[in-house]
Amino acid sequence: MINIKEDKELNVMNHSCAHLMAQAVKHLYPHALFWVGPVIEEGFYYDMDLGDDVIKEEDLERIEKEMKKLSKDGKRIYREEISKEEALERFKNDPYKVDLISRMDEDSTVISCYTQGDFTDLCRGPHVDSVKELKYFKLIKFSGAYWKGDSKNKMLQRVYGVCFKNEEDLNNYMHELEEAKERDHRKIGKDLDIFMSHDLVGKGMPLWLPNGAIVRKELENYIYAKERKMGYKHVYTPCVGTVDLYKTSGHWDHYKENMFPSMKVDEEEFVLRPMNCPHHMLIYGNELRSYRDLPIRIGEFATDFRYEASGAVKGLERVRCMCQNDAHLFVRPDQIGEEFKKVVELILDVYKDFGLKNYKFRLSLRDKEDKEKYFDDDEMWNTAENKLREVLNDYGCEYTEAIGEAAFYGPKLDVEVKPAVGPEVTLSTCQLDFLLPRRFDLSYIDKDGTKKTPVVIHRAIFGTFDRFTAFLLEETKGVLPLWLSPVQVNIIPVNNEYHTEYSKEIYKLLDDNNIRVNIDLRDEKLSYKMRESQTNKIPYTLILGDNEKDNNLVSYRCFGTKETISMNKNEFLDKIKEEIEKRVI
RNA sequence: GCCGAUGUAGCUUAGAGAUAGAGCAACUGUUUCGUAAUCAGUAGGUCGGAGGUUUGACUCCUUCCAUCGGCACCA
């Protein structure tokens, strides 16, 4: 999908279109005040204060109509530069503009205004020459949006739109939006019986159906094998912990609002655990550790519960009950770089195995001013952050830095992906932590016989199995690779009377070799069964009739192809076994 | 949590102040047909839950729940 912000020409057009929209809104809502209207990847939006009015579906059409009218009038767009004093005077009745202007530095910023017909807006520009250049636009969606992005502030009205150079581009874009809905994991998950939810279980608590459970199990087996080879030791720990456990870790103070409320049982107070670090800290602390033992890598496929805000819950992507592909690496300070690097390598390796290319690294750092969230130890933070940077630079990874996005205990490297619908989410994460080992009083005996505190690396390659599955379904459009497919082979006998026996023989051959095979003996036409086999996106459909039976052959059709290939049954078995084993994508 | 929208059979959906209509799926029969839907019939809905207004509510109102688009949040 085209990135409008990055495209010079479209960027200017969309920005101008935001002004055109503002002008139209001003005509329809004379009391409207305007905050900011930036260009984004998907087009533009404008945040507006409409007093007591709120935007509804039908208003979008009204605004759009007015925009078309203004566009036809074809007024020129004039730029003028003014002093800060003049700007403040001109916009004195508009608190939003006053706020913007008063924060501008007169010496370094040119304050400019753009005027089209009866509408003037404070703006840096640039713009198109005339509103008549803005013809092919569409208002896409609307919502409330907090002023300055702070939920304590007033909620403004935001309208999103997009503008293109010609009708065809606009239509293509609208078409792409429709297609995105088609590959939404919630739709695919329903169509392919991957997961369900139920009011009686609760919001954000997906139930994995048999098909989904197969995918998840395969993912678990896959990553378990990788981790085992890298020296990870896997554990099982309880899904609850005492409140004291989380007070010790510090999570209670930082996140208790996002935990399910504690429950008192006898004299103890428990919470459903929101993360597994404390449990793993205790496992580390269970033994006396030597510097020779490190690094110690403790892994777990751990179910966690987080009381996510009701508005945040979404399919398998953002849930209240999730399973993390979690691990904690306990390392000596001199091992940080190497272990961190191994994690980055593992991430790249795994993404390659799945053929994933649309992802970005993000280095999340602390905000030095935020003394409340982040513990105060400059040296520790600087060391940790520089360490991560160093490795990323060594590795030549492209990444962006995000100030104030670090965890309270340390900086992190996240891998961000874009779902079919909605904003980017984090898939993999790798976090450096100098704090929790201290809080749990962890140690190892160093070479010189003194006690030292280990450093912890928190990491999750798949993130959660839930979110990873969601992303995988969207990336593959539900066409999972053979090794992950719930049903790998579907057998259709040409004639139920004459070919059932041979079909059952092939079924047994495949089933005995642990291939997930289905045999369709229903009293239906072959074409009917083929249609269903294709809509269920089954990788191999076998057609078995006289020709196959008489010559010990199978004839197969791969998903998405039209051709049929015949081959000896044992040859086919070898072929499919190899494909599964090699995890061909 | 906030702003807005939506909730009709297993799925996709039409309709609407006077006891709901379809397609697919299911079931019964029919067809035995070599690569994306054989034909016919049957059954299936207290129209998300709870209150209220009304002679009468699926339709109007209140509230709760869930879902969707954003905002905020995301250890």
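See the values below:
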| read-out | value |
| --- | --- |
| Residue count for the stretch A:160-183, restricted to those that are over 26 Å from the mean Cα position of the chain (by Cα) and either near RNA strand B (Cβ under 9 Å from one of its atoms) or on the phi > 0 side of the Ramachandran plot (or both) | 0 |
| Selected residue (criterion: nearest to RNA strand B (Cβ to nearest atom)) from residues of the stretch A:114-159 that are part of a loop (DSSP other than H, G, I, E, B) and in contact with a Lys or Arg (Cβ under 9 Å, 6 or more places away or on another chain) | A:Cys123 |
| Qualifying positions in the stretch A:389-415 - within 15 Å of RNA strand B (Cβ to nearest atom) and under 16 Å from A:Val343 (Cβ atoms) | A:Ala407, A:Gly410, A:Pro411, A:Lys412, A:Leu413, A:Asp414, A:Val415 |
| Selection from the stretch A:196-225 of residues that are in contact with a Leu (Cβ under 7 Å, 6 or more places away or on another chain) and more than 15 Å from A:Thr303 (Cβ to Cβ) | A:Met196, A:Ser197, A:His198, A:Asn211, A:Val215, A:Glu218 |
| Residue in the stretch A:257-266 that is crowded, with 16+ Cβ neighbours inside 10 Å and assigned to a helix (DSSP H, G or I) present | no |
| Residues located in the stretch A:224-256, provided they are of a type in the set (S, T, N, Q) and either more than 10 Å from RNA strand B (Cβ to nearest atom) or surrounded by fewer than 12 Cβ atoms within 10 Å (Cβ to Cβ) (or both) | A:Thr237, A:Thr242, A:Thr248 |
| Search result, residues across the stretch A:430-466 that are within 15 Å of A:Phe301 (Cα to Cα) and of a type in the set (S, T, N, Q) | A:Thr464 |
| Residues satisfying the stated conditions in the stretch A:184-200, i.e. part of a helix (DSSP H, G or I) and either more than 22 Å from A:Pro423 (Cβ to Cβ) or more than 9 Å from RNA strand B (Cβ to nearest atom) (or both) | A:His185, A:Ile188, A:Gly189, A:Lys190, A:Asp191 |
| Total residues in the stretch A:356-369, condition assigned to a loop (DSSP other than H, G, I, E, B) and modelled with pLDDT of 90 or more | 4 |
| Residue satisfying all of: in the stretch A:303-330; of a type in the set (A, V, I, L, M), assigned to a strand (DSSP E or B) and touching a helix residue (DSSP H, G or I) at 6+ places or on another chain (Cβ under 6 Å); farthest from RNA strand B (Cβ to nearest atom) among these | A:Leu329 |
| Count of residues meeting criterion [in contact with a Leu (Cβ under 6 Å, 6 or more places away or on another chain) and modelled with pLDDT under 95] in the stretch A:456-495 | 0 |
| Condition met for A:Val162 (in contact (Cβ under 8 Å) with a residue 12 or more places away in the chain and outside any helix (DSSP H, G or I)) | yes |
| Residues that are more than 9 Å from RNA strand B (Cβ to nearest atom) and either part of a loop (DSSP other than H, G, I, E, B) or assigned by TED's automatic domain parsing to the domain that holds A:Arg516 (or both), drawn from the stretch A:202-211 | A:Leu209 |
| Flag for A:Ile461 being more than 32 Å from the chain's Cα centre (by Cα) and either in the same structural domain as A:Asn547 (by TED's automatic domain parsing) or buried (at least 20 other Cβ atoms within 10 Å of the Cβ) (or both) | no |
| Count of residues meeting criterion [surrounded by fewer than 18 Cβ atoms within 10 Å (Cβ to Cβ), free of Cβ contacts under 8 Å to residues at least 24 places away in the same chain and closer than 24 Å to A:Val517 by Cα] in the stretch A:196-210 | 3 |
| Search result, residues across the stretch A:295-315 that are of a type in the set (A, V, I, L, M, F, W, C) and either in contact with a Phe, Trp or Tyr (Cβ under 6 Å, 6 or more places away or on another chain) or at pLDDT below 95 (or both) | A:Ile296, A:Phe305 |
| Complete set of residues in the stretch A:370-393 that are surrounded by 12 or more Cβ atoms within 10 Å (Cβ to Cβ) and outside any helix (DSSP H, G or I) | A:Asp370, A:Lys373, A:Tyr374, A:Phe375, A:Asp377 |
| Residue count for the stretch A:394-443, restricted to those that are crowded, with 21+ Cβ neighbours inside 10 Å and among the hydroxyl-bearing types (Ser, Thr, Tyr) | 3 |
| Test for A:Ile111: is it surrounded by 12 or more Cβ atoms within 10 Å (Cβ to Cβ) and within 16 Å of RNA strand B (Cβ to nearest atom) | no |
| Failed item, numbered, when A:Met67 is tested on (1) modelled with pLDDT of 90 or more; (2) within 16 Å of RNA strand B (Cβ to nearest atom); (3) within 15 Å of A:Phe142 (Cβ to Cβ) | (2) |
| Failed item in (1) touching a Leu at 6+ places or on another chain (Cβ under 9 Å); (2) touching a residue at least 60 places away in the same chain (Cβ under 8 Å), with A:Asp353 passing the rest | (1) |
| Residue tally, condition among the hydrophobic types (A, V, I, L, M, F, W, C), in contact with a Lys or Arg (Cβ under 7 Å, 6 or more places away or on another chain) and assigned to a loop (DSSP other than H, G, I, E, B), over the stretch A:433-479 | 1 |
| Residue check for A:Val271: more than 13 Å from RNA strand B (Cβ to nearest atom) and either assigned by TED's automatic domain parsing to the domain that holds A:Phe330 or touching a residue at least 60 places away in the same chain (Cβ under 8 Å) (or both) | no |
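One line per residue, one yes/no per condition, for (1) free of Cβ contacts under 8 Å to residues at least 12 places away in the same chain; (2) closer than 24 Å to A:Tyr78 by Cα:
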| residue | (1), (2) |
| --- | --- |
| A:Asp118 | no, yes |
| A:Gly144 | no, no |
| A:His175 | yes, no |
| A:Lys190 | yes, no |
| A:Gly212 | no, no |
| A:Glu220 | no, no |
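The values are calculated or read from the model by the stated rules, or taken from the named source; none is laboratory data. If you're wondering where the values come from, they're calculated on a predicted model, not measured in any experiment. Note that we place each Cβ from the backbone using ideal geometry, even for glycine, and neighbour counts take in every protein chain shown.
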